[in-house]
Structures are given as C-alpha cells and as structure tokens.
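Reviewing the structure listed below.
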Amino acid sequence: MPAHFTEEDFQIHRTLDSIPGNWSAKTEAPSNIALIKYWGKKGLQIPMNASLSFTLSRSKTVTQAEAVRSNSGSEKITFKFYFEGKRNKQFEKKIQIFFKRIEPYAPYLNHFEWTFRSKNTFPHSSGIASSASGFAALAKIIIQLEQYLFPGINRDFLAYKTSFLARLGSGSAARSTASGIQIWGKHESIPGSNDLYAIDFPFPLHPDFHQMHDWIFLLDTATKTVSSTRGHALIDNHPFKPGRIQSVKKQLDKLSIALQQGDTETFGQIIEEEALTLHALMMSSHPAYILMKPETLDMILKLWNFRKQTHAKLYFTLDAGANLHLIFPQKDLQNAIAFAKQFPEIKIIKDEIL
Ligand code: DP6
C-alpha cells in the first residue's frame, strides 16, 4: 500500500540558503478521461466521491517556465502566462487563485518572477479537458523546482505532492500527473486511496485492458455553457445527492473487479451508466442544464444498435460536454473503424491509454 501523506507533510517550513538568479524548465502532462466521474466537491477541492480515470497518451499540455530571481521579495507571485503564443489573462486569473492556494506548500515560488508558455497537442476547444493537463503541467514544474532547491527528497513523496498541488488547481488534474489508471478520492476497498492526491490503480490489471483506445468524436467544439466548477456546486443541494454517493461507490467496486478479471462487458456497462448518470445529474440540477447535443444521443443509439448487431466491444463515455469518447480494446480496432464509417463528416481525435 502506498505511503499516506497529510496536508501537513506537504507544507514547507525550511528556508532557502541561496536562491538561484534564474531557473527554467520544460515539462508536459497528459489529459485524462474519467470513467467513474468526480462530480460534486466539499471544502477546498475535496471530492464528494472517488473517481477513476484512464490517462491519455497523445493529448497533452506542454509548458515551459522561466524564473528570474525577484528583488522585490513580493508577497504575491508575479507571473505572465502565454497560451499558444498569446498572453492569456483569463488563465492568469485561475492560476493566481491556484498560486494562492498552494502558497504553504510551495513558498519558494515567491522568490521569482515567472513567465509560463503553454500549448496543447490537441486542438483548441476540442472538448478535451485542458485544465487537467494544464494544471498537472504547472504542478510538475513547481515540483521540479522543489527538487532543485531541496535535493534528496523522496521520489514517491514528490510524485504524490505533484498530484496534490495539481488538485488545488483543478480536481481532475490530480489524475493527470502520472500515467495508467488513476484513482483519486477515498474509497474503502482501494488501499491507499485518499482525497488529497491520486494513486495508481493498486491491483493487477487484466491483460485485456492493456491496450485501450479512446476515440473522441468532436460533436461540439464550442465553450461549455456551464463550467464544471459551477456544475460541482449545483450538486450541493441536489435532490439525488445521497443516492449518487451510495451508487457511485458500488459502481467503482464493480469497475475495479471488472478491470482485474478482464470482464469487458461489465466494464462497458458501468462506464456507460456512469456517463449517463453524470448528464442526468446535470439535467436534474437546479437550474437544470443540458450539455449533450442531439448528435450525442443519435451516436449513442447508433452505437447500441451497432453493438447489438456485431457484439463489438465498443463503449462510450462522456465528459462534461457533448463529445462522445469511444472506448475499446485493441482487438476491436476494426470494429471501431467500421462504426466510425457511419459518421464520415465528424472529426475524430484518436487517442490511446498511456
Ligand atoms: C465531468 O476537475 O474540471 O470531467 O475541480 O472545479 O476544476 P474543478 O473541476 P474539474 O471537474 C471534472 C469533472 C468531470 C469528471 C472528471 O473528470 O472526473
């Protein structure tokens, strides 16, 4: 079982003997797709339930950082953030909140003036969660600096601290600092799972799940009408909240067993139920909202029909958006190609699980 660290463990009380004049780093972090969804939170980025995700291998954020020692000894971290070559004030606002939250854990950041340059390997507005990979990349940079300033810190500790910091930027980012199957949130039957940072799936994964694909059908690339942060808040007084907390635990248990046993059908059933539940929770929020598009429903129905006829192991999940993620094992690649032929006009991002 992985070591368990507390918030206190991640705080820094040491002072620096010397501060370098400048420092730079470049890193990348992958996006992830949740199969058991984080939806609803308590306090400061504490999830209402445990979530499980697959890490994507091609959809990434690449971030470069340059730090110059600041002479002002400023209370606030000073930085500029460029996204795809342009200064982005909207991201700067979010990152400012993030920096404030992580101050007790990374006080060394204040000694520098920062420039960040970030880009994604996936198309802008593709509906792939860029906040997950974006904050994960920032957290990785911060931890690289920590490693540089305080050499010799335990690697496992730093890996968990990276996820811990990323979580304070965006919850799903906690699952984007490592690879494979990630679990974030305390769950009784998953040893080591906790609310502060994500851990690797701690059980042997059945070989049938070793090479999985995620094909993202871009049905809508507009910005979300309701952000995930707002969506989480709407769960607070949601009439279905107690039922959701109970049922999602059972779903995670069933999914965990299916992943170990190679039970692809149960796997598919659970991830589809989970995607539909997420959207059902949105549709029954107050105020209610809908992020699916008619094309999303049409594709789900066509997928179910295709499966009935071919017995292909192609399943879907949805993020907080209209795009359909087609999840399938390597063995079903030809089936996925045949299914996609029905939608020649739709752009697909073909990703794999890392
Ligand atoms: C539907 O991580 O984007 O994608 O913590 O407020 O930044 P914040 O929310 P965010 O929520 C992700 C919601 C989801 C499900 C998931 O990724 O688990």
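Derivation of every value follows stated rules applied to the coordinates shown; laboratory data play no part. These numbers come from a predicted model, not from an experiment. Neighbour counts run over all protein chains shown; Cβ positions are idealised from the backbone, glycine included.
Here the label points at GLU8 and SER247, each 7 Å from Cα along the C-beta direction, are separated by 4.0 nm in the simple model.
List, in the order given, every pair from LYS76/LYS100; LYS41/LYS186; LYS250/LYS308; LYS161/LYS250; LYS41/LYS93; LYS60/LYS302 whose Cα-Cα distance in the structure shown is over 18 Å.
On the way: LYS76/LYS100 8 Å; LYS41/LYS186 13 Å; LYS250/LYS308 26 Å; LYS161/LYS250 29 Å; LYS41/LYS93 21 Å; LYS60/LYS302 30 Å.
Over 18 Å Cα-Cα: LYS250/LYS308; LYS161/LYS250; LYS41/LYS93; LYS60/LYS302.
Could you please state, rounded to a whole Å, how far the C-alpha centre of segment 289-329 is from the C-alpha centre of segment 95-111? So the separation of the two Cα centres works out to 40 Å. Extension gain for ASN22-LEU205 works out to 61.5 nm (0.36 nm per residue, less the C-alpha to C-alpha distance).
Where does segment 208-352 land on Rg/Rh, using Cα atoms and the Kirkwood Rh?
Details: Rg = 15.8 Å, Rh = 16.2 Å.
Reported Rg/Rh, Kirkwood definition of Rh: 0.97.
Taking the DSSP bridge list for segment 1-147 and keeping only pairs wholly inside it, about 80 percent are antiparallel.
Hey, what's the Cα Rg ratio for segment 201-277 versus the globular rule of thumb, 2.2 N^0.38 Å? Can you show the working numbers first?
Details: Rg = 15.7 Å, N = 77, 2.2 N^0.38 = 11.5 Å.
This ratio for segment 201-277 stands at 1.37.
Label-to-label distance, GLN96 versus SER189, with points set 7 angstrom from Cα along the beta-carbon direction: 4.6 nm. Protection proxy ranking for 283-294, 181-192, 11-22, using the average of other Cβ atoms within 10 Å per residue and placing the highest first: 181-192, 283-294, 11-22. Listed values for segment 227-236 are Karplus-derived 3J(HN,Hα) couplings in whole Hz (6.51 cos²θ - 1.76 cosθ + 1.60, θ = phi - 60°), namely 6, 5, 4, 5, x, 4, 5, 5, 7, 3, and x replaces Gly and Pro. Against the main long axis of the alpha-carbon atoms of the chain, helix 241-261 sits at an angle near 80°. Panel order for LYS94, LYS341, by other beta carbons found within 10 Å of each beta carbon, from fewest to most: LYS341, LYS94. I want to verify a result. In a Gaussian network model of the chain, Cα cutoff 10 Å, which of these has the top mean-square fluctuation: HIS213, HIS325, HIS232? Among HIS213, HIS325, HIS232, the largest mean-square fluctuation in the Gaussian network model of the chain belongs to HIS232. Kirkwood hydrodynamic radius of segment 7-200, from the reciprocal of the average inverse Cα-Cα distance over all distinct pairs: 16.9 Å. The Cα-based radius of gyration and maximum Cα-Cα distance (Dmax) for segment 130-219 are 14.6, 48 Å.
Restricting the calculation to Cα atoms, the chain yields a radius of gyration followed by a Dmax of 20.6, 69 Å. Ranked by the mean number of other Cβ atoms within 10 Å of their residues, highest first, the peptides 331-337, 249-255 come out as 249-255, 331-337.
Each 10 Å bin from 0 upward holds the following percent of the Cα-Cα pairs of segment 1-104: 10, 27, 41, 20, 3.
Summing charges over all other residues whose Cβ lies under 12 Å from the Cβ of ARG117, with Lys and Arg as +1 and Asp and Glu as -1, gives +3.
Check cross-link reach from LYS224 to the aspartates and glutamates: straight Cα distance under 18 Å, and skip same-chain residues fewer than eight apart. Hits, sequence-local ones excluded: GLU295, ASP319. Full extension of the chain between LEU44 and GLN330 gives 99.1 nm of extra length, using 0.36 nm per residue less the Cα-Cα distance.
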